[in-house]
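S.K.: For reference, the structure I am asking about is given below.
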Amino acid sequence: MDNRQFDKYNSIPASKFAFASGVDTSHDQKLDTKPVGYFKDAMRRFSRNKASVVAAYIILFLVIFALVGPYLTSATYQNAQVTDTGLMRYKFLPPKLFNAGLGFWDGTQVKEMNQANYYRYLAIEQETGHKVIIGEPKIIVDNMGNTMYKIRLDQYTAVDNYTITVSLEQYQTIMDYQDEHGVQIILPTVNRSKFNTQDPYCASTDISIWYACDSFKGIPTFAKDDQGNEILDENGNKVFIPAYQTIGNDFYVSEQRLPNDPGRAVMERYAHIEDEQERMAAIESDPEWATRWRYATTTGNSLTGFSYVLRVSQYEYFQYLYDFEPRFVFGTNAQGYDIFSRLAKGARFSFIFAIAIAAINLTIGAIYGAIAGYYGGVADLVMERITDILGGIPTTVTTILFNLHLAKHVGVLGALIFAFILTGWIGMASSVRRQFYRFKNQEYVLAARTLGAKDWRIIWKHIFPNSLGTLVTGSVLVIPGVIMSETSLTYLGIINLDSPTMSSIGSMLSAGQEGGAMTHAPHVIFFPALFIALLMICFNLFGNGLRDAFNPSLRGTEE
Amino acid sequence: MYMLKYTIKRILLMLMVFLVITTMYFVLIKLLPSAPATMFGKDMELIEARRELLGYNEPILKQYKYYWFGRTSYTFYELDENGEKVIKKDENNKTVYEQVPRTDKDGNIMYYVDSDGNKLNIKNEVTTDPLEYIILTKDKVDPETGRKVPVYVTKTVYDKSKIPAGREYVKENVGGIIRGYFGISEAMYIGTDVWDIFMSKIPFTMAVNLYSIFISIPVGLTLGVIAALKKNKLTDHIISTGVMVFVSVPSFIYAFLVLYLLYFKLGWVEATMDATQGAWSWRGFTTMIPAILSMSFGSIAGFARYTRAELSEVLTNEFMLLARTKGLTKAQATLRHAMRNAGVVIFPMIMGEFIGILSGSLIIEQMFGIPGVGKLYINSVQAQPAPDYNIFMLLGTFYTFIGLAAGIVSDISYGIIDPRIRMGAR
């Protein structure tokens, strides 16, 4: 090589030189994204699974329903005892979300009935002032030649009126309530002797019949004018002849009276008198006052004290008792309880129970599985046999036996918890054990042991965090299983958690089948069934999504 | 060889586990207080006597021994005037023992009385203690119903010299599980052999399960295969969604739907099973349809899901490509190569399902009024006034056995189907 070639480099002035590091930049791109950890990656992959995300939201919604639902019905109603208040009268009310008249979810049902029954409902409507018959009746003639009415009834207002027996204070309270709210709770008492006693229908003790009827079939006698034509009211309806009692002192001091009550006319006649005593005197001196309708009868005698027998309008009396207008979104069950709040309570119980069981089983299973898996050998063999034995016992049997043995000491719930824990942790333990078998011979464990780490430290600090993903998925998947078993057990009646203030989904399902409820009140079974079905589907979807997200081997295979 | 050793090991372990569980059952159920015999309102003396003989007043473990190995019994012979045993032969030339009848055909308890009408015990002494004067015989056959009424016999060993003239006894062991005798029902069907009760119920459980399997296996497999072959197409999406729904939703929800639609709305089926003509009759089958349908949905979905998952995994294997390359049609390749490999997982599942036909579904049986064993099981524990120990024990051990056996059968069948899997090999 010629030296002259390099000569030109010898003459490069020093000023042309510069430090390479100062001007040059690395051609490697700096990482501007954050590192993605295991859980973050799982989260990201989970959120790509649309079905699982939707399922997660539905589960969230159901959980919110379970937490909020129990407070949405009046507490007085929820805590009412069947025997105290005759809640049974409000049994099997259909679900009502909208006002009556929509034909769907409005608390109405189409019923076919004979003429007498049709007029009976019409009379309830006229007496209470609440719409009972929605829309026009369809009149059909059946094979026997009978005229039948097909009408859409508002089941909430169609509940029969009934009598109650109260003390003087209660009577006073009801009258005060009437005046305060301007409603007519107390209805006039009926004089049965006005009825044709030959007619079995009208002479019956049916408390809703307040009108005269003399036809053989129980069809009411309508008011007629002098020519013998039936009078029609302003709505074009025939006018019932009231058969109310008029004589006797009823101690009725409320301002509220039925529109056609002669007493009301008298009261209105003297309403202009300011002074109360003068007005009362004027009213009582009016001859027509004696024909006013009677609102209560008394029972008892001066020794035992008097009780007042009142005939009440059920719709108003309900509001007086429970302080809300009846509108049960999911309807009521055979005992008259609100299905919505009971379902929410049952669901709340199921969720809390399942989560608690999952947590306990996770803890026991993790410790047991860790010890069995880490130490192996004889310890593992013995521990596996123990799980074999426990695993061989069907949960139903465990529950029955625990319920029989323990329920006396720790209550039904305690026995149920014991039964679920006894065998529940086995699945968790075996999955932890598998994880430990997988990881315990890995190099990092060897390294930790070489550095002098104790067994306990290796188990909890080095191996356990690696199996956490499996555990999280496992414990989420356990929850629907526990809810399912709990529902089956309560459905079969092996465990009974029912009380006026408490319920469980399983017993609601079985209640929906009893007494032919499925034919005339399918809503009793529909909502609990819908709830459990929705919950199970969503939990399965959610669990599958979670399992895939936490499975590192599926990473990057989705696209 | 591995297989054999593994199988034997598994069976031995299973027996051990089985023994422990049944012992636990026995102890737990016996810890429950038993109602006094007077609460049963009938056969009280017999119940007391039987309880005494079974050692109800003795420690539980001793009772457990009797439960397994039975107790000593004495059968009496009439003696003729020469002091010889009278041995009668029946038409099959079998010895007929002259037995003291437990009850006459009206169900009254019978015992020996003297000429004054006093009750006599085994030594021909006058007694008022029911334990002494009632002499229970073994394997008495009720002439009217043909039903066996096996009962334990007297409790004390007697000196031969004290045996009343004209009678002699033979000592033998009777009862106990080792002789296939599971005891008699003590609360629900008082006096009936629990094995007979069990055998009269099991056909119903088997019938409903079998019918359900015969529907669900072909339908489930077909749906699974279709879904796997059309993976990620519309067909697959529809099938997979359906499978998802039906796998998740509990079977009693379908049961409600089936009942509501087919019975209440359409009136095609009957709500509960008509068991009068037996489990395998046509009438039994037609009235069982709602139950069969309710049970099938879940199984169909389960089979379809497994088949789809397995088959779609197998279909991605390279040997499938080879199979197509060598000229097989898609159908041939799927049937001969893919299905066979997928079968490794599917077949044990079917096996498990077949074992499961005996166990029955508590809920479905309860809902559709099928008189199967599931219902019997719950009722036996909840029976009033006392749990029916023997029914519970029989069914408890039976269910446990089925559960354990199903595990072994499906494990072993893996090895049989797939030669590559050697269970228990190191």
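The values are calculated or read from the model by the stated rules, or taken from the named source; none is laboratory data. Just so you know, these numbers come straight off a predicted model, no measurement behind them. With ideal geometry, Cβ positions are generated from the backbone for all residues, glycine too; neighbour counts draw on all protein chains shown. All accessible areas refer to the heavy atoms of the entire protein, side chains included, with ligands and DNA or RNA removed. Shrake-Rupley method; radii C 1.70, N 1.55, O 1.52, S 1.80 Å.
S.K.: Using the eigenvalues of the Cα gyration tensor, what equivalent ellipsoid semi-axes result for the range B:175-326 when each is taken as the square root of five times the eigenvalue, whole Å, largest first?
M.R.: Working: eigenvalues 329, 103, 31 Å².
Each semi-axis is the square root of five times an eigenvalue, giving 41, 23, 13 Å.
S.K.: I'd like the Karplus ³J(HN,Hα) series for the range B:391-400: coefficients 6.51, -1.76, 1.60, θ = phi - 60°, whole numbers in Hz, and an x wherever there's a Gly or Pro.
M.R.: Listing the rounded values in order: 5, 4, 4, 4, 6, x, 5, 5, 4, 4 Hz.
S.K.: If you average the alpha carbon positions of the range A:461-511 and of the range B:192-208, how far apart do those two centres end up, in angstrom?
M.R.: The distance from the Cα centre of the range A:461-511 to that of the range B:192-208 comes to 32 Å.
S.K.: Let me ask you something else. Largest first and in whole Å, what are the equivalent-ellipsoid semi-axes of the range A:245-288 based on the Cα gyration tensor, each being the root of 5 times an eigenvalue?
M.R.: In descending order, the three semi-axes are 17, 12, 10 Å.
S.K.: Just grab the label-to-label distance for residue A:363 and residue B:271, each label 7 Å out from Cα along the Cβ direction, in nm (one decimal).
M.R.: The two pseudo-label positions are separated by 4.7 nm.
S.K.: Simple spin-label model, 7 Å along Cα-to-Cβ: residue A:181 to residue A:232 in nm?
M.R.: 3.6 nm
S.K.: Grab the beta carbon distance between residue A:72 and residue A:163, set R0 = 35 Å, and tell me the FRET efficiency rounded to 0.05.
M.R.: Working: r = 31 Å, r/R0 = 0.89.
With R0 = 35 Å, the Cβ-Cβ based efficiency is 0.65.
S.K.: Along each of the three principal axes of the Cα atoms of the range B:196-425, give the extent in whole Å, ordering the values from largest to smallest.
M.R.: Principal axes ranked by extent give 71, 51, 29 Å for the Cα atoms.
S.K.: Return the tail of the calculated pair distribution for the range A:56-120, meaning the percent of Cα-Cα pairs more than 18 Å apart. Show your work: numbers first, answer last.
M.R.: Values: 1371 of 2080 pairs.
Roughly 66 percent, once rounded to a whole number.
S.K.: Moving on to the next point. Accessible area per residue of the range A:442-533 at 1.4 Å probe, in Å²? Each step should come with its number before you reach the end.
M.R.: Working: 3750 Å² over 92 residues.
Accessible area per residue, the range A:442-533: 41 Å².
S.K.: Once you average over the residues of B:238-251, how many Cβ atoms of partner chains fall within 10 Å of each Cβ?
M.R.: Values: counts 0, 0, 0, 2, 0, 0, 6, 5, 1, 3, 13, 8, 12, 1.
If you average over the peptide's residues, the count of other-chain Cβ atoms is 4.
S.K.: Work out Dmax and Rg for chain A from the C-alpha atoms and quote the Rg first, both in angstrom.
M.R.: Considering chain A through its Cα atoms, Rg and Dmax are 38.4, 149 Å.
S.K.: Using a 1.4 Å probe on the heavy atoms of the protein chains only, list every residue of the range A:401-425 that has 40 Å² or more less accessible area in the complete assembly than in its chain alone.
M.R.: Listed by number, the residues meeting the 40 Å² cut-off are A:401, A:404, A:405.
S.K.: Which of the helices in chain A, when you take each full DSSP H run, stretch at least 15 Å along the axis at their Cα atoms and have an average Kyte-Doolittle score of 0.0 or higher? Walk me through the numbers on the way to the answer.
M.R.: Values: long enough: A:38-48 (16 Å, -1.25); A:50-68 (27 Å, 2.55); A:115-128 (20 Å, -1.05); A:168-181 (20 Å, -1.49); A:339-375 (52 Å, 1.26); A:377-391 (21 Å, 0.81); A:395-439 (45 Å, 0.91); A:468-492 (36 Å, 1.36); A:523-550 (40 Å, 1.52).
Helices meeting the criterion: A:50-68, A:339-375, A:377-391, A:395-439, A:468-492, A:523-550.
S.K.: Then there is this: Go ahead and estimate [θ] at 222 nm for chain A from helices alone: -39,500 (n - 2.57) per DSSP H run with n ≥ 4, summed, over the residue count, rounded to 500.
M.R.: Numbers: 19 runs with 273 residues, N = 559.
-16000 deg cm²/dmol, from helical runs alone.
S.K.: While we're looking at this one, here's another question. When N is the residue count of the range A:113-181, what does its C-alpha Rg come to as a fraction of 2.2 N^0.38 Å? List each step's numbers first, then the result.
M.R.: Values: Rg = 17.0 Å, N = 69, 2.2 N^0.38 = 11.0 Å.
The value comes to 1.54.
S.K.: If you don't mind, there's one more thing I want to ask. Indicate the gyration tensor shape class of the range A:220-336 (rounded, prolate or oblate), computed on the Cα atoms with a ≥ b ≥ c the square roots of the eigenvalues: a/c under 1.5 is rounded; otherwise a/b larger than b/c is prolate and the rest oblate. Mind dumping the intermediate values first?
M.R.: Numbers: a/c = 1.69, a/b = 1.12, b/c = 1.51.
Since a/c reaches 1.5 but b/c is at least a/b, the shape of the range A:220-336 is classed as oblate.
S.K.: Return the carbon/sulfur percentage of the accessible area of the range A:15-161, one whole number, probe 1.4 Å, all protein chains in place.
M.R.: Numbers: 5500 of 9360 Å².
That fraction is 59 percent.
S.K.: Additional query: Using per-residue counts of other Cβ atoms within 10 Å, averaged over each peptide, order A:100-106, A:302-308 from highest down. Write down the numbers at each step before the final one.
M.R.: Values: A:100-106: 14.4, A:302-308: 11.7.
Top to bottom by mean Cβ count within 10 Å: A:100-106, A:302-308.
S.K.: Continuing with this model, one more query. Compute the relative contact order of the range B:196-425 as a whole-number percentage, counting only Cα pairs closer than 8 Å that sit 6 or more residues apart in sequence. Kindly include the intermediate steps, with their values, before the conclusion.
M.R.: Values: 270 pairs, mean separation 60.9, N = 230.
RCO, the range B:196-425: 26 percent.
S.K.: Using each residue's phi in the range A:244-250, evaluate 6.51 cos²θ - 1.76 cosθ + 1.60 at θ = phi - 60° and report the 3J(HN,Hα) Karplus result to the nearest Hz, with x for Gly and Pro.
M.R.: Once rounded to whole Hz, the list reads 7, 6, 10, 9, x, 7, 10.
S.K.: Which order do peptides B:370-383, A:56-69 fall in by mean Cβ count within 10 Å, highest first?
M.R.: Answer by packing, highest mean first, reads B:370-383, A:56-69.
S.K.: Right, something else. Just subtract the alpha-carbon distance of residue A:335 and residue A:38 from 0.36 nm times their residue separation and send over the number in nm, one decimal.
M.R.: Details: separation 297, 0.36 × 297 = 106.92 nm, distance 5.22 nm.
Between residue A:335 and residue A:38, full extension yields 101.7 nm more.
S.K.: Accessible area, 1.4 Å probe, largest first: how do A:434, B:308, B:340, A:48 sort? Could you put the intermediate results ahead of the total?
M.R.: Values: A:434 145, B:308 60, B:340 185, A:48 115 Å².
Listed by decreasing accessible area, they come as B:340, A:434, A:48, B:308.
S.K.: Give me the accessible area buried between chains A and B, both sides summed, with a 1.4 Å probe, in Å² rounded to the nearest 100.
M.R.: Details: alone 30790 and 22970 Å², together 50730 Å².
Chains A and B together bury roughly 3000 Å² of accessible area.
S.K.: Using mean Cβ contacts within 10 Å as the protection proxy, how do A:253-266, A:276-289, B:259-272 order, highest first?
M.R.: Numbers: A:253-266: 16.8, A:276-289: 12.5, B:259-272: 14.7.
Listed from highest to lowest mean packing, they are A:253-266, B:259-272, A:276-289.
S.K.: With heavy atoms of protein chains only and a 1.4 Å probe, what residues of the range A:455-492 have at least 50 Å² less accessible area in the full set of chains than alone?
M.R.: In the range A:455-492, residues shielded by partner chains: A:491, A:492.
S.K.: How many nm is it between the label spots at residue A:421 and residue A:146, if each spot is 7 Å from the Cα in line with the beta carbon?
M.R.: About 6.1 nm, to one decimal.
S.K.: Separate question: How much accessible area per residue does the range B:196-425 have, counting only protein heavy atoms and a probe of 1.4 Å, in square angstrom? Intermediate results must be reported in sequence, preceding the final value.
M.R.: On the way: 10080 Å² over 230 residues.
About 44 Å² of surface per residue is accessible.
S.K.: Which is farthest toward the positive dipole end of the range B:196-425 among B:394, B:244, B:376, measuring Cα position about the Cα centre, with Cβ charges +1 (Lys, Arg) and -1 (Asp, Glu)?
M.R.: Working it through, the farthest residue towards the positive pole turns out to be B:244.
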